[in-house]
Structures are given as structure tokens and as C-alpha cells.
Amino acid sequence: MSVKRMDNVGIVVKDMDAAIEFFTELGLDLEGRAPIEGDWADRVTGLRNMRVEIAMMRTPDGHSRLELSRFLAPPVVEDHRSAPVNALGYLRVMFTVEDIDDTLARLSKHGAELVDKVVQYEGLPKSSESRLRIERI
């Protein structure tokens, strides 16, 4: 049996309000926000006595979701926000946008900055092939 769909990708954030503002500016819609804890949550994550605040962001087409999590307990153990692209773990989440220059200008107001420059790959429309560094969230 093959995968039917991907429900969501999760990102652990430091500042939930800033993360919601950032992804709203990008064009995602806040679907819901809630505290999560208890035996069920402990079993799903493998973390005992876990308390987390989540926000579910939905892409405009309604097909994909980004789950933002801010852990209250246990505390965050590492910060990978400035890890190089060859570090183990989740590498990136990619979005298609209408206007990369406008998008970058808007996101810079939320603390995002390019790691290098925007490049065009083999005649395809201009894209942010270089990573966008997001320090605040």
C-alpha cells in the first residue's frame, strides 16, 4: 500500500505568535491553535509529561498543513536554526510563491534573511535556491 497523502510537517518554534505572523505573511491560514498534553500526547511523541502549544497552518489550496509547536515541557534540547543544510534532521519546507522578491521583502519584516542570494536554476523561474534564515521563530 502506498501513502495516500501527507497530513502535515511539524516545526518546533520559540515564539508562537511570531511564527504564526510569519507564516500568515507567507500566505498560510491559521486553522487552529490549542494546548496539548496528557497520556495520548505522551504516547504519540514519546515524551513523558509533555505540554505543548500547537498551531496548525493551512496552505491556500487546502491540501497541506504546517504544525507549529512550542514546547512548554520538557524544555527544548537543541537549537538547529543555524545548522548547515547537510546537518541530520529535517532540512526544509518549500513553498511555491507568486513573486519571490515581494515575498522576501515581506518576510524580512518578520526577521527572515537570505543566507546567500536568490538564484535562477537552469532557466526555471527565479527561486530562492539559497536558504532563508529565520532566526526569530
Among the residues of the range 13-31, are any touching a strand residue (DSSP E or B) at 6+ places or on another chain (Cβ under 9 Å), buried (at least 16 other Cβ atoms within 10 Å of the Cβ), of a type outside the set (Phe, Trp, Tyr) and not in a helix (DSSP H, G or I)?
yes
Meets criteria (within 26 Å of residue 114 (Cα to Cα) and either touching a helix residue (DSSP H, G or I) at 6+ places or on another chain (Cβ under 7 Å) or in contact (Cβ under 8 Å) with a residue 40 or more places away in the chain (or both)) for residue 8
yes
Quick one: is residue 119 surrounded by fewer than 10 Cβ atoms within 10 Å (Cβ to Cβ), at pLDDT below 85 and among the hydrophobic types (A, V, I, L, M, F, W, C)?
no
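Please pick out the residue among 114, 47, 72 that is more than 18 Å from residue 28 (Cβ to Cβ), modelled with pLDDT under 80 and surrounded by 11 or more Cβ atoms within 10 Å (Cβ to Cβ).
Answer to the check: 114.
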Since residue 39 meets every condition but one in (1) out of contact with any strand residue (DSSP E or B) (no Cβ under 6 Å at 6 or more places or on another chain); (2) surrounded by 10 or more Cβ atoms within 10 Å (Cβ to Cβ), which condition does it not meet?
(2)
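The values are calculated or read from the model by the stated rules, or taken from the named source; none is laboratory data. Worth saying up front: this structure is predicted, and the values here are computed from it rather than measured. Heads up, the Cβs are rebuilt from the backbone with ideal geometry, glycines too, and the neighbour counts pull from every protein chain shown.
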